[in-house]
Amino acid sequence: MLTMNNINKVYQTDMVQTHALRDFNLQVEEGEFIAVTGPSGSGKTTFLNIAGMLETFTNGQYLLDGVDVGSLNDNQRADLRNQKIGFIFQGFNLIPDLNLFENIEVPLRYRGIKATERKRRVMERLEQVGLASRAKHLPQQLSGGQQQRVAIARALAGEPRFLLADEPTGNLDSLMARQVMELLEQINRDGATIVMVTHDPELARRAPRNIQVVDGQLADFTLYQGNPAVAVGA
Amino acid sequence: MFLHYVDLSWRSFKRTPMVSALMVFAIAIGIGVTMTSLSIYHMMTKDPIPNKSERLHHVQLQTMDDGEGYWSKDDVPFQVTYQDAINLQNGNFPYLRSAMYKAGFSVHLNSAQFKPFVQEVRLSSKDIFQMFDLQFIYGGTWTQQQQDDIAPVVVISKSINERLFKGVNSVGQSFYLDDIYVQVVGVIEDWHTPVKYYDPNNGSFNDPENIFMPFTMGAAYEITTAGNTNGWKHEPDNTFKELLASENLWWQFWVQLENAQEKEEFGQYLMSYMQQQQTLGRFNREQLTYNLFNVMELMDYRGVVKHDNQIMVALSFMFLAVCIANILSILLAKFLRRAPEVGVRRALGASKRQVFYQHLVEVTLLGLLGGVLGIILAQLGLWGVRASHGAYDALASMDVTMLFAAPAIAMVACIIAGLYPAWIVCKTAPAIYLKSQ
Ligand SMILES: Nc1ncnc2c1ncn2[C@@H]1O[C@H](COP(=O)(O)OP(=O)(O)OP(=O)(O)O)[C@@H](O)[C@H]1O
Ligand SMILES: [Mg+2]
């Protein structure tokens with residue numbers, strides 16, 4: 001589903017060059033659930049943003065479902081993103097002016113879906129995350145955990161085949177974190193491919209495949225599950 | 001999607017009510033100032049009689065001897081002499097025409113109860129009403145017979161009729177102009193025109209007259225003009241008889257010509273008239289010339305719209321530009337503060353174009369609000385102009401064109417102000433705002 005070959009990402013700010021990703025290689029198959037770990041500043045979010053086409057890369061090749069992303073223009077990228085990709089951000093990033101219903105509706109609007117169909121899908125998602133009764137509430141009226149669930153519902157509203165989650169549990173207590181994790185696992189079982197960045201080793205361990213980003217490069221720990229000591233040692 | 005953007009814009013206003021109100025107010029002031037000056041300019045320049053302006057022609061004859069100069073740009077005098085006015089009025093051609101000038105009278109009813117008032121009176125031919133589209137409420141114009149017989153008859157306007165006769169049908173009633181006892185033969189609707197194009201010799205923006213009498217009364221009653229008299233020749237003009245025989249210029253002459261052919265023919269008539277006058281010792285010059293301008297040509301020729309007015313309009317647009325610059329910087333700050341939200345929208349599938357469009361809708365809406373408020377401010381401004389310059393009464397008002405132009409200009413102004421901020425916010429890489437919370 002996703003193939004990255006020798007992706008490099010260099011941030012140029014004033015005098016400083018930051019090599020956020022260097023010769024980054026990764027292959028993700030349809031239906032996988034991958035946990036990404038790594039030290040702060042190692043390039044995890046950068047990788048996720050490039051994967052989601054929110055950011056361009058300096059060089060290398062990125063294929064998404066066989067499409068060479070490097071050759072697309074902004075409109076085409078926006079379309080592809082809207083069709084295939086769901087984002088759960090490191091912050092919740094709900095839009096403060098919009099109530100829960102409207103927040104979840106956003107990706108559906110950009111897809112040009114009719115109002116009745118939008119409503120059906122939004123309510124379905126709200127029920128899935130257990131917040132149907134709160135549809136008219138504004139984000140600031142919710143707890144952190146609830147906000148994150150809305151963010152997940154929004155990411156799922158467009159029924160994306162590819163879900164990118166940047167520390168979806170970072171701001172939640174462990175009980176909430178586990179609930180969110182269970183939700184993601186269920187979505188994965190339903191067929192979505194998930195790449196999730198997390199700092200929580202316990203959650204990472206629950207994912208079938210773990211990768212670690214260190215200093216912009218990939219350390220693949222496919223066999224992590226069977227051998228936890230290696231991960232800690234690295 | 002458009003309605004959704006309108007909805008989002010409205011929420012954005014409500015989120016920052018003070019800043020939004022400030023921007024609306026800034027654009028409203030800019031529009032208010034611009035519209036005030038533009039409205040006056042528009043009323044000055046617009047065709048005062050669209051149905052007839054092509055056909056009504058104003059006659060100027062070059063009566064001055066060779067070597068004499070006038071302050072018009074082509075040296076041709078603005079007005080005509082009594083002799084020429086009368087000769088042309090009696091000329092053998094089939095067109096509607098009117099020699100005319102204005103005089104001043106004290107209007108009274110010769111009774112102690114009635115307080116006299118001063119009015120300007122236009123002496124003209126009976127054709128003036130038909131030529132200038134003046135509508136009769138009661139009666140009609142005086143007859144050719146009355147005109148030839150120097151009958152003391154008048155046509156009065158509705159407002160004079162109100163004042164003298166309480167608005168009833170006053171045909172047949174009489175009143176005094178100074179010592180002349182005149183009888184009403186007709187009542188017309190008030191003559192409204194922002195520009196006094198038919199006699200711009202004493203202020204182009206003065207109000208039209210409210211009383212009309214046969215021009216033949218002028219010589220018979222020795223009615224002096226209340227307008228300008230221009231002379232270039234040294235000759236006796238102390239008595240009224242001498243004035244009538246002199247080369248003094250104090251009459252206007254209008255003729256209605258239906259088409260180019262009539263204009264051509266009338267031009268030939270004027271040439272032969274001047275040649276005939278030369279045999280009588282007048283028009284002592286090599287080259288005979290005349291001007292035969294229609295209404296718009298005359299307004300242009302007379303410079304009814306002064307250069308000052310154009311400068312005013314230019315200045316007010318510069319003021320609007322300053323307002324736009326202010327709005328631009330406020331919008332930039334406002335939009336950039338919203339960049340994280342834009343990042344989220346982009347991540348959820350919005351293209352740059354959609355983001356750009358959303359922000360343009362917001363600034364357009366801002367412009368619409370500012371424009372509507374601007375109209376109100378402009379009305380205040382125009383009211384101020386009317387209050388301080390009586391002569392600008394008919395000019396300092398907004399017609400439909402201007403009423404629609406105001407929000408349109410405001411929206412265009414806001415779009416100009418919003419283009420750069422909208423572009424900045426849509427081109428910013430969305431990822432930057434999503435890195436952390
Ligand atoms: N827009 C940017 N401009 C310049 N440097 C950047 C930019 N975004 C990220 N970086 C740098 O790139 C490197 C990788 O950043 P990234 O956000 O991907 O790290 P991360 O692994 O997600 O960290 P964290 O776990 O703290 O979220 C960091 O050194 C960061 O400072
Ligand atoms: Mg990160």
Provide a single number: the residues in the range B:325-366 that are crowded, with 23+ Cβ neighbours inside 10 Å and more than 11 Å from chain A (Cβ to nearest Cβ). 7
Selected residue (only one of B:Asn169, B:Asn210 is polar (S, T, N, Q), buried (at least 20 other Cβ atoms within 10 Å of the Cβ) and out of contact with any Cys (no Cβ under 9 Å at 6 or more places or on another chain)): B:Asn210
Here are A:Tyr62, A:Tyr11: which of them is in contact with a strand residue (DSSP E or B) (Cβ under 8 Å, 6 or more places away or on another chain), of a type in the set (Phe, Trp, Tyr), within 16 Å of ligand 2 (Cβ to nearest atom) and within 21 Å of B:Pro430 (Cβ to Cβ)? A:Tyr11
Given the condition within 16 Å of ligand 1 (Cβ to nearest atom), within 14 Å of chain B (Cβ to nearest Cβ) and either in a loop (DSSP other than H, G, I, E, B) or surrounded by fewer than 17 Cβ atoms within 10 Å (Cβ to Cβ) (or both), answer yes or no: does some residue in the range A:136-147 qualify? no
Qualifying residue in the range A:30-38 (condition: open to solvent by 20 Å² or more (accessible area, probe 1.4 Å), within 14 Å of another protein chain (Cβ to nearest Cβ) and under 24 Å from A:Ala151 (Cα atoms)): no
Set A:Gln83, A:Gln90: member being open to solvent by 10 Å² or more (accessible area, probe 1.4 Å), of a type outside the set (D, E, K, R), in contact (Cβ under 8 Å) with a residue 12 or more places away in the chain and at the interface with chain B (Cβ under 7 Å from one of its Cβ atoms): A:Gln90
Quick test for you: out of A:Ile152, A:Ile187, pick the one residue that is within 14 Å of chain B (Cβ to nearest Cβ), away from ligand 2 (no atom under 16 Å from the Cβ), part of a helix (DSSP H, G or I) and within 27 Å of A:Val36 (Cβ to Cβ). A:Ile152
Being part of a helix (DSSP H, G or I), more than 16 Å from ligand 2 (Cβ to nearest atom) and modelled with pLDDT under 85 narrows B:Val412, B:Val385, B:Val363 down to just B:Val385
Which condition number does B:Glu247 fail, the rest of (1) more than 14 Å from every other protein chain (Cβ to nearest Cβ); (2) open to solvent by 20 Å² or more (accessible area, probe 1.4 Å); (3) charged (D, E, K, R) being met? (2)
State whether one or more residues within the range B:421-432 are in the same structural domain as B:Asn326 (by TED's automatic domain parsing), within 16 Å of ligand 1 (Cβ to nearest atom) and buried (at least 22 other Cβ atoms within 10 Å of the Cβ). yes
Unique residue being more than 7 Å from chain B (Cβ to nearest Cβ), more than 27 Å from B:Ser12 (Cα to Cα), surrounded by 15 or more Cβ atoms within 10 Å (Cβ to Cβ) and not hydrophobic (A, V, I, L, M, F, W, C) when the list is A:Arg118, A:Arg125, A:Arg77: A:Arg77
If you check B:Leu369, B:Leu395, B:Leu382, which single one turns out to be open to solvent by 20 Å² or more (accessible area, probe 1.4 Å) and either within 26 Å of B:Cys323 (Cβ to Cβ) or within 16 Å of ligand 1 (Cβ to nearest atom) (or both)? B:Leu369
Right, B:Gln268: more than 24 Å from B:Tyr101 (Cβ to Cβ) and surrounded by fewer than 13 Cβ atoms within 10 Å (Cβ to Cβ) or not? yes
Is it the case, given these coordinates, that B:Thr45 is open to solvent by 10 Å² or more (accessible area, probe 1.4 Å), touching a helix residue (DSSP H, G or I) at 6+ places or on another chain (Cβ under 9 Å) and β-branched (Val, Ile, Thr)? yes
Please go through the range A:190-217 and give me each residue that is within 14 Å of another protein chain (Cβ to nearest Cβ) and not hydrophobic (A, V, I, L, M, F, W, C), ordered by number. A:His199
Using the structure shown, decide if A:Met4 is away from chain B (no Cβ under 14 Å) and modelled with pLDDT under 90. no
Could you tell me whether any residue of the range A:7-15 is within 16 Å of ligand 1 (Cβ to nearest atom), touching a Lys or Arg at 6+ places or on another chain (Cβ under 7 Å), more than 9 Å from chain B (Cβ to nearest Cβ) and farther than 16 Å from A:Gly158 by Cβ? yes
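The values are calculated or read from the model by the stated rules, or taken from the named source; none is laboratory data. The structure presented is a predicted model; accordingly, all values stated were derived computationally and were not measured. Note that we place each Cβ from the backbone using ideal geometry, even for glycine, and neighbour counts take in every protein chain shown. SASA here: full protein model, heavy atoms, side chains in, ligands and nucleic acids out. Shrake-Rupley method; radii C 1.70, N 1.55, O 1.52, S 1.80 Å.
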